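Here is the structure we will look at.
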Amino acid sequence: QVQLVESGGGLVQPGGSLRLSCAASGYIFSTARLGWYRQAPGKQRELVASINARAVTTYSDSVKGRFTIVGDTVKNTVLLQMDSLNPEDTAVYYCSGAFRVKEMGPLNDYWGQGTRVTVSS
């Protein structure tokens, strides 16, 4: 059973920084992608940043230049360094991975339980 466990959320003042960490456990045959999503109150879950097996990164426009994703698709760990945070970044952040758990098996998405980030003075 694949599990993703996040850590690092909390309360930070506007302009501050936080680092989120995520690690996968369980047997994983291969990893296509690791990423971070977030869901603010009353809004849909949205992609924040992702990194694929070729180390190509993708960022939402709202976080470009402020957030940095660092991932290892062999160790199945992913970090999200968040700088210059503002109140609009307040949300529950979810780690996500697209994994195959056996050779020639389907590619499925797995999710962490979420970690809350609150940006407020």
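The values are calculated or read from the model by the stated rules, or taken from the named source; none is laboratory data. These numbers were taken from a predicted model, which means no experiment stands behind them. Note that we place each Cβ from the backbone using ideal geometry, even for glycine, and neighbour counts take in every protein chain shown. Accessible surface areas use protein heavy atoms only, side chains included; no ligands, DNA or RNA. Shrake-Rupley method; radii C 1.70, N 1.55, O 1.52, S 1.80 Å.
Per-residue HN-Hα couplings for the range 50-67, Karplus 6.51 cos²θ - 1.76 cosθ + 1.60 at θ = phi - 60°, whole Hz, x for Gly and Pro?
8, 9, 9, 5, 9, 6, 7, 9, 9, 10, 6, 4, 6, 10, 4, x, 10, 10
Compute the separation of the alpha-carbon centres of the range 75-117 and the range 1-72 and state it in Å as a whole number.
4
Tell me which trypsin sites (Lys or Arg not before Pro) from the range 79-121 have a DSSP coil assignment and no more than 12 other beta carbons within 10 Å of their own.
Answer in residue order: LYS102.
Please check the chain for the longest run free of chymotrypsin sites (Phe, Trp or Tyr not before Pro) that are loop-located per DSSP (anything but H, G, I, E, B) and have at most 12 other Cβ atoms within 10 Å.
30-121
How large is the convex hull of the C-alpha atoms of the range 39-97 per residue, in Å³?
Hull volume normalised by residue count: 80 Å³.
Carbon and sulfur atoms: what percent of the 1.4 Å accessible area of the chain do they account for?
The computed percentage sits at 48.
Starting from the Kirkwood Rh over alpha-carbon pairs, what translational D in µm² s⁻¹ does the chain have by Stokes-Einstein at 20 °C and 1.002 mPa s?
149
Restrict the search to the range 1-88; then list the GluC sites (Glu not before Pro) that DSSP places in a loop and that have at most 12 other Cβ atoms within 10 Å of their Cβ.
none
Excluding residues on the same chain fewer than 8 positions from LYS75, give the lysines whose Cα lies under 27 Å from its Cα.
LYS75 reaches LYS64, LYS102.
When Lys and Arg each count +1 and Asp and Glu each count -1, what net charge do the other residues less than 11 Å away from VAL92, Cβ to Cβ, add up to?
+3
Whole-Hz ³J(HN,Hα) for each residue in the range 105-121, computed from phi via Karplus 6.51 cos²θ - 1.76 cosθ + 1.60 with θ = phi - 60°, x for glycine and proline: what do you get?
Residue by residue, the range 105-121 yields x, x, 8, 10, 8, 10, 10, x, 7, x, 9, 8, 10, 10, 10, 7, 8 Hz.
In terms of solvent-accessible area of protein heavy atoms at a 1.4 angstrom probe, what is the ranking of ASP61, ASP109, ASP89, highest value first?
The ordering from most to least exposed comes out as ASP61, ASP109, ASP89.
Using Cα springs under 10 Å in a Gaussian network model of the chain, which residue among SER96, SER21, SER60 shows the largest mean-square fluctuation?
Its mean-square fluctuation being the largest, the pick is SER60.
Return the ratio Rg/(2.2 N^0.38 Å) for the range 1-60, where Rg is computed over Cα atoms only.
The reported ratio for this selection is 1.32.
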